[in-house]
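To start, the structure itself, in structure tokens.
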Amino acid sequence: MNIVKIKDVKNELVVEVLQKGGLVIMPTETLYGAFVDATNPQAVEKLTKYKARPFGKPYSVAVLDQKMAEEYVKLNEIAKNLYKNFLPGPLTVVSQGKHRVAIGVESETGTLGIRIPDYTFVLDIVKKFGKPITATSANANCKKRPYKISDILDNLSERQKSLIDLIVDAGELPRNEPSTVIDTTLDDVAILRQGVVKLNSENFILSMSSENTQNFAKELWQKYEIHTGSRAIVFALDGPMGAGKTVFTKGLAKAMGIKEEITSPTYDLEHSYNTLPNTYYLIHIDAWRMENSKELQGINFAKKITDKSIIAIEWADRVSDEIRKYSEDAIIVWVKINYGKKENERNLTWDIV
Amino acid sequence: MKILAIDTSCDETAAAVTENETVVSNVIWSQASLHAKFGGVVPSLAQRQHEERIDWVINRALKNAKTQMINVDAIAVTVGPGLGIALGVGINKAKDLAKKYKLLIIPINHVESHLLSPLAQSKTNTNFSHNKYFPAYGLVVSGGNTLFVYIKGVGEYEVLAQTVDDALGEALDKAARMLGLGYPGGAVLEKFAKQGKANSYPLPIPMIGQEKRMEFSYSGLKTALWRLVEKEKQEGLNKEIIANLATSYQNVAFEHIIRVLNYYLSHNLLPNTNYLFLGGGVGANTLLRKKLRVLLKSYNLKLITPYSKRLYGDNAAMVGVSAYLKNKNTKVINYKIEEIDRKPDLNINQDI
């Protein structure tokens, strides 16, 4: 593993490592990314090992421009519009792939996410390299968002570290959101991850499976994780019976590093879980059996806030008055989960009040 | 050994007097009627109600047993799992009494006591030996738990399957609420289910084909029912539709348990194991017991259930019996009063 400062690195060196099937960590306009040749199966396999990802989770790729993109995906009118208005920029556009990248890069349904980073250094590399490179965040699956090199290395095993061939260090990056991900292959354009680029005024994504919902919880956690220790963080979950509030909490717990199984707290009203090592403490509350917001006081909600706890509360709408009282002392993330059009679809929206 | 037992783990304030395995009195003051007005549990109210009722319930248990505190040998109290502030009421009362009468105090795991509840006896039987039942399988189905275990002996459990989301009792209560049958509605749901046609609605059996994962899951079934109810609501719900939905739902919910148990028993049936213990509130459901008996018959196993309906749901008699059994089977532990504390997230194998 070779770490080079960005001002000292020669583009030819990076291109050479990529050509040999190597794994390069580089900065982008959002966060540090892990890059390999997206057309080289061995390189992609190496990346999957590095990320410790379950098989079947696709990668988006970085290209130079729309022309290069069209060699790998079919762009429909919506996609072309998005390219015109938002790219280069923090947006990933998912289109129907042409199956010209290595196995495991496109999704199981053959779609491929394309990104044109608004970051000259990476664009220069792609230009010299002449092929798309994977553009995934450099953290391992479910680990902290990488804004500096130590965020990455501190959370990797020795084995994972040994897979890195080159790190381009640009110091600490500004804390930008990951790219917005938009799927243009569905009947309705769907946002799969919400970053800075917004198509409408509210924060909205479409989940197509419970894995998607868990992944969304992970994204939200990574967004607000920085406040742990300084303020309480409350995920106030609202949605009809069976919409996936516990599923969201499972994803949150996983992202926090909790190994225990998260089960419904309906009966006991609250469950608590420790992370290993004991960095965080998740309190999972269910207000389904509560009829008015005063009842939240009955389980010492105020103390949980002053203890700066991390709290997920299901059926939060039932006790919303009480939760809102703490908007000064806590980060309160209101998450709405609603049934979508198709059986497995859920519309997820969130807001900070 | 005469034990005064106390359980305030959730909605019920309960006290009992037991003599070895025998239940002498078993008093349960349920908050269900109070909560019915509110439609749910009211935690602060729950704590206050436990506090207001605990003395009355304990005195009643002693009176029904025709005994007094001075004749009691030990106090057993539930320390978890459950609602922290509610558990605290029972624990504090137990500590006060233990100090006042200089008695041994035995902290008990609520789920373990459900598991052992079938061993409780109605009459003194000097020939009774609980050890002849072990090793055995155990199933606890309640509002907060769905747990299938292998019981090597008292205090030695191996978890074989448990829920990954909702407990069975909760799934039934929530279905009842969706169907407009109130809360807690599991028992009402059972009544309606008796009038409906089975399989009149195509509800998915949870995790069908994936039984080898040895997990219970009810969130998917709950979602499926929600969609059905929403659809039926557009045409208008009537008694017949509710009954049919209740029957189909209950049937599928139990079928899931049966399939997981069947998978396990068909692959791992252990020698010298002849019984399955059933405990917890949902155990009172006759359809579930019937389905279990049919399943167990093909494996030459016998279903052992509590002798009285009052031992299925939350109660203190099971706590007293468990305390006696634990005290007898494990080397006597001198629990220090000040070290006994509420353990809301206690699991079955955790040391107290």
For segment A:276-312, enumerate the residues that are among the hydrophobic types (A, V, I, L, M, F, W, C), within 13 Å of another protein chain (Cβ to nearest Cβ) and either within 21 Å of A:Lys259 (Cβ to Cβ) or in contact with a helix residue (DSSP H, G or I) (Cβ under 8 Å, 6 or more places away or on another chain) (or both). A:Leu282, A:Ile283, A:Ile285, A:Ala287, A:Trp288, A:Met290, A:Leu296, A:Ile299, A:Phe301
Residue satisfying condition, being within 14 Å of chain A (Cβ to nearest Cβ) and of a type outside the set (Phe, Trp, Tyr), within set B:Asn347, B:Asn334, B:Asn329: B:Asn347
What are the residues in segment A:223-239 that are surrounded by 15 or more Cβ atoms within 10 Å (Cβ to Cβ) and of a type in the set (Gly, Ala, Ser), if any? A:Ala232, A:Ala236, A:Gly239
Filtered residues of segment B:2-19 (kept if modelled with pLDDT under 95 and either away from chain A (no Cβ under 14 Å) or out of contact with any Ser or Thr (no Cβ under 8 Å at 6 or more places or on another chain) (or both)): B:Cys10, B:Thr13
Selection from segment B:165-201 of residues that are within 14 Å of chain A (Cβ to nearest Cβ) and either free of Cβ contacts under 8 Å to residues at least 12 places away in the same chain or not in a loop (DSSP other than H, G, I, E, B) (or both): B:Leu168, B:Gly169, B:Glu170, B:Ala171, B:Leu172, B:Asp173, B:Lys174, B:Ala175, B:Ala176, B:Arg177, B:Met178, B:Gly186
Members of segment B:259-300 found to be more than 23 Å from B:Leu116 (Cβ to Cβ) and β-branched (Val, Ile, Thr), listed by number: B:Val294
Here are some conditions: (1) within 26 Å of A:Gln96 (Cα to Cα); (2) more than 19 Å from the chain's Cα centre (by Cα); (3) of a type outside the set (Lys, Arg); (4) modelled with pLDDT of 90 or more. A:Ser162 meets all but one. Which one does it not meet? (1)
Count of residues meeting criterion [in contact (Cβ under 8 Å) with a residue 60 or more places away in the chain, among the small types (Gly, Ala, Ser) and assigned to a loop (DSSP other than H, G, I, E, B)] in segment A:235-256: 3
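For (1) in contact with a strand residue (DSSP E or B) (Cβ under 9 Å, 6 or more places away or on another chain); (2) assigned to a helix (DSSP H, G or I); (3) in the same structural domain as A:Thr279 (by TED's automatic domain parsing), each residue gets a yes or a no:
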site	(1), (2), (3)
A:Ala34	yes, no, no
A:Ala43	yes, yes, no
A:Gly56	no, no, no
A:Gln96	yes, no, no
A:Glu106	yes, no, no
A:Phe121	yes, yes, no
A:Asn141	no, no, no
If you take the residues of segment A:295-328 that are part of a loop (DSSP other than H, G, I, E, B) and basic (Lys, Arg), which of them is farthest from the chain's Cα centre (by Cα)? A:Lys325
Residue list for segment B:137-175, restricted to those being among the small types (Gly, Ala, Ser) and crowded, with 23+ Cβ neighbours inside 10 Å: B:Gly138, B:Ser142, B:Gly143, B:Gly144, B:Ala167, B:Gly169, B:Ala171, B:Ala175
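The values are calculated or read from the model by the stated rules, or taken from the named source; none is laboratory data. Not measured: the values here are computed from a predicted model. Every residue, glycine as well, gets a Cβ built from its backbone with ideal geometry; the counts of neighbours run over all protein chains shown.
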